[in-house]
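Q: One structure, as structure tokens, below. Some questions next.
The values are calculated or read from the model by the stated rules, or taken from the named source; none is laboratory data. In this text the structure is predicted, and so the values were computed from the model without any measurement. Here the Cβ is made from the backbone with ideal geometry for all residues, glycine too, and neighbour counts use every protein chain on show.
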Amino acid sequence: MAKNILVIDDDIDFVESVVNLLEAKGYAVASAYNGTEGVAKAKESKPDLILLDVMMSTKDEGFNVARELHQIEALKGTPVIMCTGVRREMSLPFGFEPDETWLPVKQILEKPVKPEVLLGAVSDALA
């Protein structure tokens, strides 16, 4: 059975390219274009993996969504990979690291993400 992946990102072009890439590799993919919609879809579908952007409705929405998802018992063990360009967009002199409390994600990938890097991260997270 295909693994289910939820992509939460407000960039329609990015979502479309990621959906096409993942579906070509046999994954079942759903999408949401903001954090509220993403959390609702995650609760409903209980995906095997979530790909999450940071800057959507607000510049830090993805950080809040990651923490919210982690607080939902049924989703607590669901791996989240953050795909973001926030560091470059905001000229931040530092990166982000997964943290059990503040940033409960499995991995952080900087946009633009090369297809092979994304596929490798997805494969690792689902292993």
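Q: Which one is farthest from Ser123 (Cα to Cα), of the residues in region 25-41 that are part of a helix (DSSP H, G or I) and of a type in the set (D, E, K, R)? Walk me through it before giving the result.
A: Let us first name the residues in region 25-41 that are part of a helix (DSSP H, G or I), namely 35-41.
Cutting the leftovers down to of a type in the set (D, E, K, R) gives us 37, 41.
Working: Glu37: 25, Lys41: 22 Å.
Result: Glu37.
Q: With Leu21, Leu69 as the choices, which residue is crowded, with 22+ Cβ neighbours inside 10 Å and either touching a strand residue (DSSP E or B) at 6+ places or on another chain (Cβ under 7 Å) or in a helix (DSSP H, G or I) (or both)?
A: On the way: Leu21 fails: crowded, with 22+ Cβ neighbours inside 10 Å.
Being crowded, with 22+ Cβ neighbours inside 10 Å and either touching a strand residue (DSSP E or B) at 6+ places or on another chain (Cβ under 7 Å) or in a helix (DSSP H, G or I) (or both) holds for just one of Leu21, Leu69, which is Leu69.
Q: Another question, then. Among the residues of region 72-86, which ones are modelled with pLDDT of 95 or more, loosely packed, with under 14 Cβ neighbours inside 10 Å and not aliphatic (A, V, I, L, M)?
A: Within region 72-86, Glu73 is the sole residue that qualifies.
Q: Restricting to region 105-127, name every residue that is β-branched (Val, Ile, Thr), within 15 Å of Ile50 (Cβ to Cβ) and in a helix (DSSP H, G or I).
A: Residue satisfying the conditions is Val122 alone.
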